[in-house]
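I have placed the structure first, in the form of C-alpha cells, so that the comments after it can refer back to it.
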Amino acid sequence: MRNYLNAELYRLLHSKSLFGFIFGCVLILFLSLIFGEMTIMGSGEGMLLDIGFQAKSYLSLAEPTFETVAQSCLGYTAFFWLVNVLFTATFFNKEYEIGTIKLSVAYGIDRRIIYFSKTVIILSVSILMYFGFIFSFFVLETIQSGYLMSLSEIIQLIQWTAINGLVILAMNCLVLFLCVLVSNMSIVTGISCIYIFSGACVYLMSWASMETLFPLLRYYVYTNPMFYWMNICSSNIVRIIGYLPWYLLGSTLPLIAGCIIINQKEIK
Amino acid sequence: MNEIIFQTENITKSYKQVHVLDHVNMTVKRGEIYGLIGENGAGKTTLIRLLTGLAKPTSGTLRLFGCQGKTIAAQRSRMGCIIEGPSLYPEMTAMENLEVQRRQRGIPGKESLDHVLALVNLNQAGKKKVKNFSLGMRQRLALAIALLGTPEFLVLDEPINGLDPVGILELRNLLKNLNKERGITILISSHILSELNQLATCYGIMSHGKLLQEIDAQELEKRCQKHLFLKVSDTAKTASLLEVEMHTNNFRVLPDHSICLYDYLEKPDLISAMLGRNDITLYQLTCKGEDLESYYMKVISGEKQCEII
C-alpha cells in the first residue's frame, strides 16, 4: 500500500484536479471580496440566522461580534463542498476514464489497496484544503471586520471547523461510493449535487418543526451533510450534536460497501 | 520440456447467456511468441482481460506461472501488458507516466526509466505531454511501461494498431530481440496476419469465442509450404531430369503422378524450358501453397460450415 500511496501522491501533484481544487477555493475567496453581506441558504428571525450560511453580517452591526465573524469564516462552506465534490469525482474517476486503472489491476495490485489509497489521498487533501480555506477566511474576516479573536474564541472556531471537516469527510465517503458504483465523473457530481441541495431545500422548509415531518424525509435530512453544516455554520451545535456521531459512523458504511463492490466489479 | 507460463482449462466467459469465451483451452510456453488471431468479437481481448484480472471467468481454470486462484495475483507482477490500447495520463510527460508506474510497482532506481525510453526510441520526447503525442508515440510509451521491471511475460493486445510501416518494423525487431536475448515470452493479439506471420512462433486461432486451433510456426509452414505443382506427360523422366539437369531432389511425386517441386519457386520458366528441351509435355504448372491469411480463412470457414450444419 505504501508504494501505491506514493504513486498516488506523485499523480496528485502532477494532476489538474489539485490545481482545480486550489483554483476553486481561491475563486470563492475572491468572490467573497466582491460581494458584501450575504445569506447563502439560511432561515431565522433577527440579525443572525438560526440555520444556514451567513457572510459578513458584522457589516450591519455597530461592533462586530465573535459569532458574526466566526459565521462569516464558516459561511463559505456552502461553496467549498461543491469544489470538493468535483475534486473527489475527478481524481478518483479519471483513472477509469483514461484506462490507467487497468494497468494497476493487471500488475497484480490488490483492488482494495487501490481503493483505500485513493480514499486516503482524497480525504487527506479535503481536510487540509478545508482547514486552509477556513484559515484564509479567518485572516480575511479579521482584517475586514477589525475584530481580533481571543485564544479561546480561536479554539472554538477550530473546533467548529474540525466538526465541519468531519462532515466533509463523511460526504466524501458517500461520493467515493458513488464513484465506485458509477465510474463517471459527471454522473457522480450530478447525483451528489442533487442529493446535497435537496437536503438543504427540505431542511430549510421544515427546520422549525422537524418532529412533525414525515419520518422518511426527517431521516433524509439527518443523513444529509447540509443538516450539519447549516447548524454548525450558524453556531447551533447543540441541535446536531446528538445525531453527529451516528452520521459519522454511518458514513463508514458506504466506504466499506465501495471496497466490496470494487473487488467484484469488472473493470472496463 | 518448456515451462508453461500461461494455461487455460475450459475457460468460459458469459454475459447474459452469451458465451464470449466458450471452453477455451490454451497453453503458452516459456520462450514462445504466441500470436492470437481472430476476427473482431472473437474473444481475444476478453481472454486477455481474464488473464490480467480485469474480469473473472464464468467457469474454468486459469493458471499463470503455475499458480491459480487467489495466488495468481502475485504472479501478475511478472507480466507487462498493453490492454485495449495505451493507458496513459494525458497531462503528464513520458517520463512522468513511467515514474507513476515505477512507484506503483515499487521498482527501485530511476535509471530504468531512461533505459526503457531508449529501448522504444522515446528518449527525445522531453517535456512534451502525452496528450500531444501521436498514436505511434503513445503505443511506444505503452510498450515502455509494459517493459518496466523486466517482465518475464509480455501480453500485448493489438500493439501494432496505428503504427506506420517504420513503427511496425521497429516494434517487430524489438519484440524479436526481447524474445531472443532476454527470453521474454510474448502473447500478442493482432488482426494484421502478415505481421504476426513474421513474428510469432506459434498461433492460436480464435473465432466466436472458441479456440479453433493451436499450431506452431513449423507445423504451419509444413501445412502451407509453397511449391510448384506439375502435371506432365512423363512423370518418371521428369523426376530423373529434375535430379540430373536441375540438381534438385526437393520434390515429391504424388499418387496421381503429379509432382510437387519445392525449389525453383521464383523460376518456373527454367522448369518449363527444361521440360520443352526434353520433349515432355507440360499440362499444368502452378504455384501453390498458403500463407497465414488463407490458412486462417480455411480454419474459420471450416468452423462456419460446422455451424451451418
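The values are calculated or read from the model by the stated rules, or taken from the named source; none is laboratory data. Since we're looking at a predicted model, the values are computed, not measured. Note that each Cβ is placed from the backbone with ideal geometry, even for glycine, and that neighbours are counted across all protein chains shown. Calculation scope for accessible area: heavy atoms of the full protein, side chains included, ligands and nucleic acids excluded. Shrake-Rupley method; radii C 1.70, N 1.55, O 1.52, S 1.80 Å.
Filter the range B:74-84 down to the residues that are in contact with a helix residue (DSSP H, G or I) (Cβ under 9 Å, 6 or more places away or on another chain) and either more than 7 Å from chain A (Cβ to nearest Cβ) or outside any helix (DSSP H, G or I) (or both), then identify the one that is surrounded by the most Cβ atoms within 10 Å (Cβ to Cβ).
Ranking the candidates gives B:Gly80 first.
Which residue, of B:Leu171, B:Leu211, B:Leu175, is touching a residue at least 40 places away in the same chain (Cβ under 8 Å), in the same structural domain as B:Asn121 (by TED's automatic domain parsing) and in a helix (DSSP H, G or I)?
None of the other options fit; the residue is B:Leu175.
Looking only at the range B:2-56, count how many residues are on the phi > 0 side of the Ramachandran plot, open to solvent by 40 Å² or more (accessible area, probe 1.4 Å) and outside any strand (DSSP E or B).
Total satisfying the criteria: 3.
Among the candidates A:Leu27, A:Leu5, A:Leu74, A:Leu9, which residue alone is open to solvent by less than 20 Å² (accessible area, probe 1.4 Å) and assigned to a helix (DSSP H, G or I)?
Matching residue, one of A:Leu27, A:Leu5, A:Leu74, A:Leu9: A:Leu74.
Limited to the range A:1-30, what total is found for residues that are farther than 15 Å from A:Phe92 by Cβ and of a type in the set (Lys, Arg)?
1
Kindly check whether there is at least one residue in the range B:185-201 that is modelled with pLDDT under 90, surrounded by 21 or more Cβ atoms within 10 Å (Cβ to Cβ) and of a type in the set (S, T, N, Q).
Yes, the range B:185-201 has at least one match.
Any idea which residue in the range A:211-242 is least open to solvent (accessible area, probe 1.4 Å), counting only those that are more than 20 Å from A:Phe66 (Cβ to Cβ) and in a loop (DSSP other than H, G, I, E, B)?
Applying the filter and picking the extreme gives A:Asn224.
When only residues in the range A:30-67 that are of a type in the set (Val, Ile, Thr) and more than 20 Å from A:Ile240 (Cα to Cα) count, which is least open to solvent (accessible area, probe 1.4 Å)?
A:Thr65
Taking into account only those residues within the range A:84-93 that are among the hydrophobic types (A, V, I, L, M, F, W, C) and over 14 Å from A:Gly165 (Cα atoms), which is most open to solvent (accessible area, probe 1.4 Å)?
Within the range A:84-93, the match that is most open to solvent (accessible area, probe 1.4 Å) is A:Leu86.
So for the range B:111-119 (the condition being among the aliphatic types (A, V, I, L, M), at the interface with chain A (Cβ under 10 Å from one of its Cβ atoms) and buried (at least 16 other Cβ atoms within 10 Å of the Cβ)), does at least one residue qualify?
no
Identify all residues within the range B:126-136 that are surrounded by fewer than 20 Cβ atoms within 10 Å (Cβ to Cβ), under 31 Å from the mean Cα position of the chain (by Cα) and not polar (S, T, N, Q); write none if there are none.
Answer for the range B:126-136, where residues must be surrounded by fewer than 20 Cβ atoms within 10 Å (Cβ to Cβ), under 31 Å from the mean Cα position of the chain (by Cα) and not polar (S, T, N, Q): B:Lys131, B:Leu135, B:Gly136.
For B:Arg172, all conditions in the list (1) touching a helix residue (DSSP H, G or I) at 6+ places or on another chain (Cβ under 6 Å); (2) of a type in the set (D, E, K, R); (3) at pLDDT below 90 hold save one; what is the number of the exception?
(1)
Just wondering, is there one or more residues in the range B:189-204 that are in a helix (DSSP H, G or I), under 15 Å from B:Gly35 (Cα atoms) and of a type in the set (Ser, Thr, Tyr)?
yes
Among the numbered criteria (1) surrounded by fewer than 16 Cβ atoms within 10 Å (Cβ to Cβ); (2) assigned to a helix (DSSP H, G or I); (3) within 14 Å of chain B (Cβ to nearest Cβ), which single criterion is violated by A:Pro245?
(3)
Give the number of residues within the range B:233-246 that are farther than 12 Å from B:Met274 by Cα and surrounded by fewer than 11 Cβ atoms within 10 Å (Cβ to Cβ).
Adding up the residues that qualify gives 1.
Please determine, by comparing only the residues of the range A:94-104 that are open to solvent by 10 Å² or more (accessible area, probe 1.4 Å) and in contact (Cβ under 8 Å) with a residue 40 or more places away in the chain, which one is nearest to the other protein chains (Cβ to nearest Cβ).
The qualifying residue nearest to the other protein chains (Cβ to nearest Cβ) is A:Lys102.
Condition first: touching a residue at least 24 places away in the same chain (Cβ under 8 Å) and open to solvent by 30 Å² or more (accessible area, probe 1.4 Å). Now tell me which residues in the range A:110-135 satisfy that.
Hits for the range A:110-135 are A:Arg112, A:Ile113, A:Phe116, A:Val120, A:Leu123, A:Ile127, A:Met129, A:Phe131, A:Gly132.
Determine whether the range B:85-107 contains at least one residue that is open to solvent by 50 Å² or more (accessible area, probe 1.4 Å) and either modelled with pLDDT under 90 or away from chain A (no Cβ under 14 Å) (or both).
no
Do we have B:Leu54 as within 22 Å of B:Phe6 (Cβ to Cβ) and in contact with a strand residue (DSSP E or B) (Cβ under 7 Å, 6 or more places away or on another chain) here?
Against the criterion (within 22 Å of B:Phe6 (Cβ to Cβ) and in contact with a strand residue (DSSP E or B) (Cβ under 7 Å, 6 or more places away or on another chain)), B:Leu54 does not qualify.
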